Amino acid sequence: MATAKHHSSPCFLFLFSLILFQFHLGKCDLQPNYYSQSCPQAEAIIKREVTNLYHKHGNTAVSWVRNLFHDCMVKSCDASLLLETVNGITSEKTSGRSFGMRNFKYVQTIKAALELECPLQVSCADVVALSARDGIVMLGGPHIEMKTGRRDSRESHTTVVEDSIPNHNDSISLVLSRFQSIGLDVEGVVALLGAHSVGRVHCVNLVHRLYPTVDPTLDPNYAEYLKGRCPTPTPEPNAVLYARNDRETPMILDNMYYKNLLGQKGLLIVDAQLVSDPTTAPFVQKFADDNDYFFEQFAKAVLLLSENNPLTGDQGEIRKDCRYVNSI
Ligand code: HEM
Ligand SMILES: *[C@@H]1O[C@H](CO)[C@@H](O)[C@H](O)[C@H]1NC(C)=O
């Protein structure tokens, strides 16, 4: 029944006509409400699960936002991020760039709710995208209309993670060029990094700005606060000690991040550079001055990230368990 319904989707008809014309490409565009026939409740189920998880563990919403970045930035929004190391696949999560990522186990909670309603219909890649969208709303950010129809990869892209996702101390020019390759301009990059308005940073990513001498671009009072949070120059890599990205409203996605940057309170080097570099600084000022304008640009940037090079049509697959490719 579900299959018959699925076959009436516009993408299938489009593919079918391509087959008739003997040039089957197997690729379709993402569509608004792709699951309207095959799983009409899909978007409502994801929103319900994201909301429940937020009320049980608020930090899950933060994780869905970071997941979107780490999945979509690496080659494609294809849920490759979620694959575990098994059967010749090396998980992208083993990369140093994934340090501190959390709450992966709750992706299963969302996916299980979808499987209960409509088995093998809704991709993990769309779970990544829509959970980020709904997480942003839970954090007080803007609502973003997102298309669906992404499909899941059958491989991880671990070898290119470090070429795609910048390090916390990379130069602004490298950061801009990485994002430019997915179509984001300078203003879009400054807007997207507003995601660092929420969440945490472990001391290992900070201490080099505090010891042996305090980075002169850091506000001295803020540096004292950070030294209190991270009292040793050599924290254990997995030490749970961390500082909030934005001390005032660490669980609210708003333009406080940019106000902090103007006050020399950027946590990571990539954050601090946005205000010290003349190409990015004007946008920091604009976003600090106008939260609505920040939301508009943030929504645009997140949408663009969420549509990076998806697998569609008959590419990839719909994984049953987001951690493993389906067996053949
Ligand atoms: C130049 C680009 C970026 C770099 C170098 C970077 C780096 C980092 C680092 C080092 C952390 C802290 C990890 C830890 O110590 O636990 C972090 C946290 C975070 N990042 Fe980024 N990031 C970048 C861009 C983004 C983007 C584009 C987004 C989303 C749109 C994002 C979302 C987040 C979130 C939500 C957290 C907090 C996670 C948590 O509290 O669990 N980041 N990032
Ligand atoms: C950036 O940080 C990493 C550790 O996260 C370190 O190995 C590397 O040397 C640093 N690079 C620079 C240019 O400071």
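The values are calculated or read from the model by the stated rules, or taken from the named source; none is laboratory data. Worth saying up front: this structure is predicted, and the values here are computed from it rather than measured. Because the Cβ atoms are built from the backbone with ideal geometry, glycine has one as well, and the counts that use them run over all protein chains shown. We work out accessible area using only protein heavy atoms, side chains counted, and drop any ligands, DNA or RNA first. Shrake-Rupley method; radii C 1.70, N 1.55, O 1.52, S 1.80 Å.
Observations on the structure shown:
- Single match in V189, V204 (criterion: in a helix (DSSP H, G or I), away from ligand 2 (no atom under 14 Å from the Cβ) and of a type in the set (V, I, T)): V189
- Of the residues in region 280-294, not one is of a type outside the set (D, E), modelled with pLDDT under 95 and assigned to a loop (DSSP other than H, G, I, E, B).
- Restricted to helices (runs of 4 or more DSSP H) entirely inside region 111-180, those with at least 3 residues that are among the aliphatic types (A, V, I, L, M) and under 19 Å from V65 (Cα atoms) are 124-138.
- Restricting attention to region 189-212, the residues that are open to solvent by less than 10 Å² (accessible area, probe 1.4 Å), more than 6 Å from ligand 1 (Cβ to nearest atom) and farther than 13 Å from D271 by Cα add up to 2.
- The residues in region 307-328 that are of a type in the set (S, T, Y) and either open to solvent by 20 Å² or more (accessible area, probe 1.4 Å) or in the same structural domain as G141 (by TED's automatic domain parsing) (or both) can be counted, and the count is 2.
- L81 open to solvent by 10 Å² or more (accessible area, probe 1.4 Å), among the aliphatic types (A, V, I, L, M) and more than 11 Å from ligand 1 (Cβ to nearest atom): no
- Scoring N87 on the criteria (1) away from ligand 2 (no atom under 16 Å from the Cβ); (2) surrounded by fewer than 18 Cβ atoms within 10 Å (Cβ to Cβ); (3) within 30 Å of T217 (Cβ to Cβ) leaves a single failure, condition (3).
- Residues considered: A239, A243. Of these, the only one that is farther than 15 Å from V190 by Cα, at pLDDT below 95 and part of a strand (DSSP E or B) is A243.
- Residue check for S123: hydroxyl-bearing (S, T, Y), farther than 20 Å from V62 by Cα, touching a residue at least 60 places away in the same chain (Cβ under 8 Å) and open to solvent by less than 60 Å² (accessible area, probe 1.4 Å): yes
- When region 126-162 is limited to residues that are within 13 Å of ligand 1 (Cβ to nearest atom) and open to solvent by 40 Å² or more (accessible area, probe 1.4 Å), the one that is farthest from I269 (Cα to Cα) turns out to be M138.
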